[in-house]
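Data block below; observations after.
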Amino acid sequence: MNGSVSAPGKAILLGEHAVVYGKPAIAIPLPQVRAVADFRLNETALTIVAADLQRPPWQWDDSATVSSDPLASMAALTLQHLGICAPKGEITIRSAIPIASGLGSGAAVSAALGRAIAALCRATLSNAALNALVFEVEKLHHGSPSGIDNTTIVFEQPVYFQRGQPNHRISPTRRLDFLLADSGVPALTRESVAAVRQSVREEPARTNCLLDQIASVAVAALASLEAGDRMRLGELMTANHGHLRELGLSTLELDTLVKAAMQAGALGAKLSGGGRGGNIIALVEPAEASAVKRALQLAGAKRVLAASVGGG
Ligand code: PMV
């Protein structure tokens, strides 16, 4: 049996970092950049090939368990959840999602792998179960994730996410157009999350106040999204960039991209994800999108991706 399964990237619209502390945040899937897992039944022990991820092929052996390797962990956890032995066959993972750039590459690869293993075993794996498994792998390898990445990626829908609360999937009434611009600077989310944690310890009053302000912006943004109020949503995104900057999460490259987007007519712009590198996200009117894209490229963006949500 051969086939192909996949999972999208994601971008955080508002609320990153505060979401780690139980505040709400909003994220959108990026269906046009995906991790794809092609699977093929054969007579050899389960082999996972992931050339894009710069790693050698990995072959299952029955002593394999949750380990320091995210793919091995995902395979082991999925088989354990399904209660079956490793199937024979090969899974080849390709990912168009840049690594360490805040677009959810790790969670998408785990989700695609979980789907491929279930397909090879002809087993049913619900999105809810897959989400829990991907979250386990995120916890093992990324410190203290909030769960927003895996939730957005597995369900492939915009979410208003708050730890410990039921998922609230958003359906924006009007179409919203975004541009994501990559600063080209890789950054590990684990490290930026640790830096914010250190600020919470060392400067609790100031840091908690900023996290509360971010939470207020996310709450207000939900109302703007549902009402299709693009102007207000843009203002809230730019305000959120200011808070993240004050938390020390922006860089010269990210600030330059945000400024370029705004000067070229974006309705709002901010860093997206862990920060200290990675991408910015800008909200644009469709008529302004190509001017903003050009401005971002001139300001040094290594790649600009268009994404949209809502509007049926
Ligand atoms: O994976 P990234 O870089 O998009 O960051 C995820 C967002 C954080 O709030 C910084 C961390 C988390 O687990 O929610």
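Details
- Looking across segment 54-71, just one residue is free of Cβ contacts under 8 Å to residues at least 24 places away in the same chain and aliphatic (A, V, I, L, M), and that is Ala64.
- Sole exception among (1) open to solvent by less than 30 Å² (accessible area, probe 1.4 Å); (2) farther than 16 Å from Gly22 by Cα for Thr151, by number: (2)
- Qualifying positions in segment 135-169 - out of contact with any strand residue (DSSP E or B) (no Cβ under 8 Å at 6 or more places or on another chain), under 27 Å from Phe39 (Cβ atoms) and within 12 Å of the ligand (Cβ to nearest atom): Phe135, Glu138, Lys139, His141, His142, Pro145, Asn150
- Cross-chain or 6+ apart pairs with Cβ under 9 Å, segment 283-312 first and on the phi > 0 side of the Ramachandran plot, then buried (at least 17 other Cβ atoms within 10 Å of the Cβ) and in a loop (DSSP other than H, G, I, E, B): Gly300/Ser183; Gly310/Pro158; Gly310/Ile170; Gly310/Pro172; Gly311/Pro172
- Some residue of segment 153-172 being part of a loop (DSSP other than H, G, I, E, B), within 18 Å of the chain's Cα centre (by Cα), on the phi < 0 side of the Ramachandran plot and among the hydrophobic types (A, V, I, L, M, F, W, C): yes
- Some residue of segment 78-87 being open to solvent by 20 Å² or more (accessible area, probe 1.4 Å), of a type in the set (A, V, I, L, M, F, W, C), on the phi > 0 side of the Ramachandran plot and touching a residue at least 40 places away in the same chain (Cβ under 8 Å): no
- Given (1) modelled with pLDDT of 90 or more; (2) closer than 15 Å to Leu41 by Cα, index of the condition Trp60 fails: (1)
- Flag for Leu257 being open to solvent by less than 60 Å² (accessible area, probe 1.4 Å), modelled with pLDDT of 95 or more and over 20 Å from the mean Cα position of the chain (by Cα): no
- Hey, Ala108 at pLDDT 95 or above, crowded, with 23+ Cβ neighbours inside 10 Å and within 16 Å of the ligand (Cβ to nearest atom) or not: yes
The values are calculated or read from the model by the stated rules, or taken from the named source; none is laboratory data. Since this is a predicted model, take the numbers as computed values, not measurements. Positions of Cβ are backbone-derived with ideal geometry, glycine not excepted, and every protein chain shown enters the neighbour counts. Each accessible area value is taken on the protein alone, full model and side chains, heavy atoms only, with ligands, DNA and RNA left out. Shrake-Rupley method; radii C 1.70, N 1.55, O 1.52, S 1.80 Å.
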